[in-house]
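Colleague: Sharing a structure below in structure tokens format, with a few things to ask.
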Amino acid sequence: MSTLSTPVAEIMTTQVRCIASTLAVRDAVQLMLETGVLGLPVEDAAGKIVGVFSMTDALWAAQPEDDPEAENSFYDASALLRLIRNKEPVDRDELPVSSLMNKKVVALAPTASLQQAAALMSERSIHRVLVLDEKKKLVGIVTTLDVCRHVAS
């Protein structure tokens, strides 16, 4: 079987940590830093996946609202560190992740190919795709790093 035709089920991470949609941005960022994970699926109170919160979303949260370049640039990481360390509080740090997360759940079935996952990530400019079973239950996640590791092996 060629590398690109490998089912995502063979390379996905199955131990996926989810966060509640009500979790504060500051707490989500802290969790990402502690675990080394840069994006987390978000669930509602019923356990349904409703989005993904990523470090990119957190960086946008750390960007000052009055920054004239906010729409066209990516704020530097020092703003994120201030958000975490609470040296210069950013008003949006206590917002729930649901207010900043990507609400478009991008997912594939476990039988989808690595090529399909890579194409979807490229088309959507995202770094992770959720893997859902036929009952729409989260069974894994595939990241750009997973794809690169598999292709390189």
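Colleague: Checking residue 147 against (1) part of a helix (DSSP H, G or I); (2) surrounded by fewer than 16 Cβ atoms within 10 Å (Cβ to Cβ); (3) at pLDDT 90 or above, which single condition isn't satisfied?
Modeller: (2)
Colleague: A further question on this structure: Would you please list the contacts, defined by Cβ atoms under 8 Å and residues six or more apart or on different chains, that run from a residue in the range 13-30 that is without any contact (Cβ under 8 Å) to a residue 60 or more places away in the chain to a residue that is of a type in the set (S, T, N, Q)?
Modeller: The qualifying pairs are 17/35.
Colleague: Could you go through the range 43-50 and let me know if any residue there is part of a helix (DSSP H, G or I) and at pLDDT below 95.
Modeller: No - not one qualifying residue is present in the range 43-50.
Colleague: Let me ask something additional. Quickly run through the range 44-54 and pick out the residues that are out of contact with any helix residue (DSSP H, G or I) (no Cβ under 8 Å at 6 or more places or on another chain) and under 16 Å from residue 133 (Cα atoms).
Modeller: 47, 48, 49
Colleague: Also, I was wondering about something else. Considering only residues of the range 108-144 that are closer than 21 Å to residue 50 by Cβ and among the acidic types (Asp, Glu), which is surrounded by the fewest Cβ atoms within 10 Å (Cβ to Cβ)?
Modeller: Among them, the one singled out is 134.
Colleague: Out of the helices (runs of 4 or more DSSP H) lying entirely within the range 51-130, which hold 2 or more residues that are small (Gly, Ala, Ser), modelled with pLDDT of 85 or more and more than 12 Å from the chain's Cα centre (by Cα)?
Modeller: Values: elements: 55-62, 77-85, 114-124.
The helices (runs of 4 or more DSSP H) meeting that bar are 114-124.
The values are calculated or read from the model by the stated rules, or taken from the named source; none is laboratory data. These numbers were taken from a predicted model, which means no experiment stands behind them. Positions of Cβ are generated from backbone atoms using ideal geometry, with glycine treated the same way; all protein chains shown enter the neighbour counts.
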